[in-house]
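*Asks:* Handing you a structure now.
The values are calculated or read from the model by the stated rules, or taken from the named source; none is laboratory data. Source: prediction; values computed, not measured. Here Cβ is always computed from backbone atoms with ideal geometry, including for glycine, and neighbour counts include all displayed protein chains. What goes into the accessible areas is simple: the full protein's heavy atoms, side chains included, and nothing from ligands, DNA or RNA. Shrake-Rupley method; radii C 1.70, N 1.55, O 1.52, S 1.80 Å.
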Amino acid sequence: MTYPVKNRRLAQWVQEVAALCQPAAVYWCDGSRLEYDRLMAQMAAAGNAIPLPRRPNSFLFRSDPSDVARVEARTFISTSSRDDAGPTNNWVAPDDLKRTMLDLYRGCMAGRTMFVIPFSMGPIGSPIAKIGVEISDSPYVVCNMHIMTRVGTRVLEALGADGQFVPCLHSVGAALAPGQADVSWPCAPMAQKYISHFPEEDLIWSYGSGYGGNALLGKKCFALRIASAMARREGWLAEHMLILRLTSPAGRRYHIAGAFPSACGKTNLAMIQPTLPGWRAECIGDDIAWMKIGPDGRLYAINAEAGFFGVAPGTSNRTNPMAAATVRANTIFTNCALTDDGDVWWEGIGSPAPAHAVDWRGRDWSPGRGEPAAHANARFTAPAAQCPVISPDWERPEGVPIDIFIFGGRRAGVVPLATEAFDWEHGVFLAATASSETTAANIGAVGNLRRDPFAMQPFCGYNMADYFGHWLAMGERLGPHAPRIFYVNWFRKSADGKWLWPGYGENSRVLKWMCERVDAAAEAQATPIGYLPAADALDLGGFAIPAENLTELLRVDRQAWLAELPDIERHLARFGARLPVRMSEQVRRLRERLETDR
Ligand code: SAT
Ligand code: MN
């Protein structure tokens, strides 16, 4: 077989994978609209893509009920030494993992087409972008990759004869015997799913799942797990962050990068509509930021992706009107409910539940059923360019200069609305000890409190102790150009379980305070956990929030923080001697401030 590609390594890899997986055909994706339409038409003809007449060129898919989210328990960082993967990652030795997976891959594409998907993470030709090639036997994956990344011939041209790419092998793990009918969402049983990363050779092998980050390998697997390891080697940052530009009434621009765990509001914040008069926000990215130090010494960020893979439930004209507008056309919906008039519906979409719908499993549904109609991790895949507030600079090859980092998570108690780090090192500590209640973005229990350092716990491709060290080193390189670091919690609740802060557009009040802190124009008070907004430093103009809510939101509960310390210490102790001493020193100082400070 010969292939239409100059890159010898790519041609050889494709040949090897075809020999291993034994597909019925090999198809090279050109990334064209025609290709997308043809694949969608084929999936619609097979009954797997449901056209949505009310949203032009949009389709609904239903996954297998066992394949609805990322599977952290089946995700592996395979380095020669276990310690290099660290305590936060599942580890299997590369030779063993490869042996197991080669057995699974053997003949696994029988009866299916093997798609070769050349893609770029970041604008093609950007000095921060990188190229990957995904091989997949799922046409659903191809169409999603068309939206989420830049796919096709242009990428092969940029790759050239000897350019570097990250090989990303994916199979749903469901070979078809001759004459065997296909199911609508092929996948393998849980025990056979493997989402494997080999950071020492920049290689990704995924088997058995067709859903989201398990299967769209440019996203979490490449742009975070493999890229974080590359970034450490090469001196840059690959982070689980949204990027947004905020412009003040005076026309001053601030660029903000924010890290929050999956399903904690990154997409909403990325598309924020500020309620403060005169403030404007533009979206640059909602999930993954790649950042390099520019010639002027500042940190420049690009959005590694080209689309949004956002959580549908809770997305409405009220909570995120810009996302609602983004998904009006050219969108793939997965695991949403279908209404009788042929539109999608989900809990929190802003319209009343229909009297009848078909739920995400394809069953008749009515409001009294006691089960949600859409899966909690139902998603939309939509082109970023369709977002009404996408920044005109969102594809700027050199990126945008970051002024502010925000970290955070979902915490019903203890953690105040906003905290500013004392300095970079303290900021790295705040991020390293970030905590959040778990969400439906991973298969597992929901609502459990866990430490999610930098919102990267499921996404760091190496030992997180070394990752903290890398952040400390980046701070030293950035020096006076280092962005300010803040920690927020939009999710604090009252004793009777009500949200204390309305969130969404009102978060602009907190963002404004951060911008003013950058310009030394807002007051803060030093507390044992960091700087908090001074009593009157938040702009509350035109905003009726009960005074007691604000008091609680900005309260540092010393006893509750002292009670957190053992968990923080346990969390950091997991890293043993590899933990940078500056981090253990930070806990010691926090304890000291909490115990002695009045
Ligand atoms: O990893 S996914 O892309 O499936 C979603 C997420 O966790 O953010
Ligand atoms: Mn994410």
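*Asks:* Filter segment 566-598 for residues that are polar (S, T, N, Q) and either surrounded by fewer than 17 Cβ atoms within 10 Å (Cβ to Cβ) or not assigned by TED's automatic domain parsing to the domain that holds Thr419 (or both) and give the result.
*Replies:* If the condition is that a residue be polar (S, T, N, Q) and either surrounded by fewer than 17 Cβ atoms within 10 Å (Cβ to Cβ) or not assigned by TED's automatic domain parsing to the domain that holds Thr419 (or both), then Ser584, Thr596 are the ones that fit.
*Asks:* Got a number for residues in segment 144-195 being in a loop (DSSP other than H, G, I, E, B) and farther than 29 Å from Glu395 by Cβ?
*Replies:* Looking only at that region, the number is 19.
*Asks:* Right, next: May I ask you to verify whether Val414 is within 20 Å of Leu299 (Cα to Cα), away from ligand 1 (no atom under 16 Å from the Cβ) and among the β-branched types (Val, Ile, Thr)?
*Replies:* Values: within 20 Å of Leu299 (Cα to Cα): no; away from ligand 1 (no atom under 16 Å from the Cβ): yes; among the β-branched types (Val, Ile, Thr): yes.
Considered against the rule, which asks whether it is within 20 Å of Leu299 (Cα to Cα), away from ligand 1 (no atom under 16 Å from the Cβ) and among the β-branched types (Val, Ile, Thr), Val414 comes out as no.
*Asks:* Looking at Thr326, is it closer than 15 Å to Pro53 by Cα, in the same structural domain as Thr381 (by TED's automatic domain parsing), touching a residue at least 40 places away in the same chain (Cβ under 8 Å) and more than 15 Å from ligand 2 (Cβ to nearest atom)?
*Replies:* No; evaluated as a whole, the condition is false for this residue.
*Asks:* I need a count of the residues in segment 348-361 that are exposed (fewer than 13 other Cβ atoms within 10 Å of the Cβ) and within 31 Å of the chain's Cα centre (by Cα).
*Replies:* Of the residues in that region, 2 qualify.
*Asks:* Right, next: Take Leu176 and tell me if it is more than 16 Å from ligand 1 (Cβ to nearest atom) and under 17 Å from Arg99 (Cβ atoms).
*Replies:* Details: more than 16 Å from ligand 1 (Cβ to nearest atom): yes; under 17 Å from Arg99 (Cβ atoms): no.
Judged against the criteria, Leu176 is not a match.
*Asks:* Do we have any residue at all in segment 475-482 that's surrounded by 19 or more Cβ atoms within 10 Å (Cβ to Cβ) and over 17 Å from His240 (Cα atoms)?
*Replies:* Looking through segment 475-482, at least one residue is surrounded by 19 or more Cβ atoms within 10 Å (Cβ to Cβ) and over 17 Å from His240 (Cα atoms).
*Asks:* Can you tell me how many residues within segment 365-383 are within 18 Å of the chain's Cα centre (by Cα) and aliphatic (A, V, I, L, M)?
*Replies:* To start, the set of residues in segment 365-383 that are within 18 Å of the chain's Cα centre (by Cα) comprises 376-383.
Of the ones still in play, those that are also aliphatic (A, V, I, L, M) are 376, 378, 382.
Number satisfying all stated conditions: 3.
*Asks:* Evaluate segment 275-283: report whether one residue or more is open to solvent by less than 10 Å² (accessible area, probe 1.4 Å) and away from ligand 2 (no atom under 16 Å from the Cβ). If you could, list the steps in order and put the result at the bottom.
*Replies:* Filtering segment 275-283 for residues open to solvent by less than 10 Å² (accessible area, probe 1.4 Å) gives 276, 283.
Applying the additional criterion that residues be away from ligand 2 (no atom under 16 Å from the Cβ) yields 276.
Checking segment 275-283: at least one residue is open to solvent by less than 10 Å² (accessible area, probe 1.4 Å) and away from ligand 2 (no atom under 16 Å from the Cβ).
*Asks:* How do the pairs read when you match residues in segment 448-464 that are assigned by TED's automatic domain parsing to the domain that holds Phe260 with residues anywhere that are open to solvent by less than 10 Å² (accessible area, probe 1.4 Å) and among the β-branched types (Val, Ile, Thr), using Cβ under 8 Å and keeping only pairs 6 or more apart or on different chains?
*Replies:* Note: pairs meeting the criteria are Arg451/Ile568; Gly461/Ile77; Gly461/Ile226; Tyr462/Ile77; Tyr462/Thr79.
*Asks:* Under 6 Å between Cβ atoms, which residue pairs at least 6 apart in sequence (or on different chains) link something in segment 97-119 that is under 15 Å from Gln22 (Cα atoms) with a partner that is open to solvent by less than 10 Å² (accessible area, probe 1.4 Å) and among the charged types (D, E, K, R)?
*Replies:* Met109/Asp137; Arg112/Asp137; Met114/Asp137
*Asks:* With respect to Asn7, is the statement that it is open to solvent by 30 Å² or more (accessible area, probe 1.4 Å), in contact (Cβ under 8 Å) with a residue 24 or more places away in the chain and among the polar types (S, T, N, Q) true? Outline the logic, then answer.
*Replies:* Details: open to solvent by 30 Å² or more (accessible area, probe 1.4 Å): no; in contact (Cβ under 8 Å) with a residue 24 or more places away in the chain: yes; among the polar types (S, T, N, Q): yes.
When the stated conditions are applied, Asn7 does not pass them.
*Asks:* Quick test for you: out of Gly310, Gly314, pick the one residue that is within 26 Å of Asp67 (Cβ to Cβ), part of a loop (DSSP other than H, G, I, E, B) and within 16 Å of ligand 2 (Cβ to nearest atom).
*Replies:* On the way: Gly310 fails: part of a loop (DSSP other than H, G, I, E, B).
When all the criteria are applied, what remains is Gly314.
*Asks:* Here are some residues: Ser209, Ser262, Ser228. Which one is more than 13 Å from ligand 2 (Cβ to nearest atom) and part of a loop (DSSP other than H, G, I, E, B)?
*Replies:* Values: Ser262 fails: more than 13 Å from ligand 2 (Cβ to nearest atom); Ser228 fails: part of a loop (DSSP other than H, G, I, E, B).
Of Ser209, Ser262, Ser228, the one residue that is more than 13 Å from ligand 2 (Cβ to nearest atom) and part of a loop (DSSP other than H, G, I, E, B) is Ser209.
*Asks:* Could you figure out which of (1) within 14 Å of ligand 2 (Cβ to nearest atom); (2) assigned by TED's automatic domain parsing to the domain that holds Pro94; (3) of a type in the set (Val, Ile, Thr) isn't true of Ile243?
*Replies:* If we test Ile243 against (1) within 14 Å of ligand 2 (Cβ to nearest atom); (2) assigned by TED's automatic domain parsing to the domain that holds Pro94; (3) of a type in the set (Val, Ile, Thr), just (2) comes out false.
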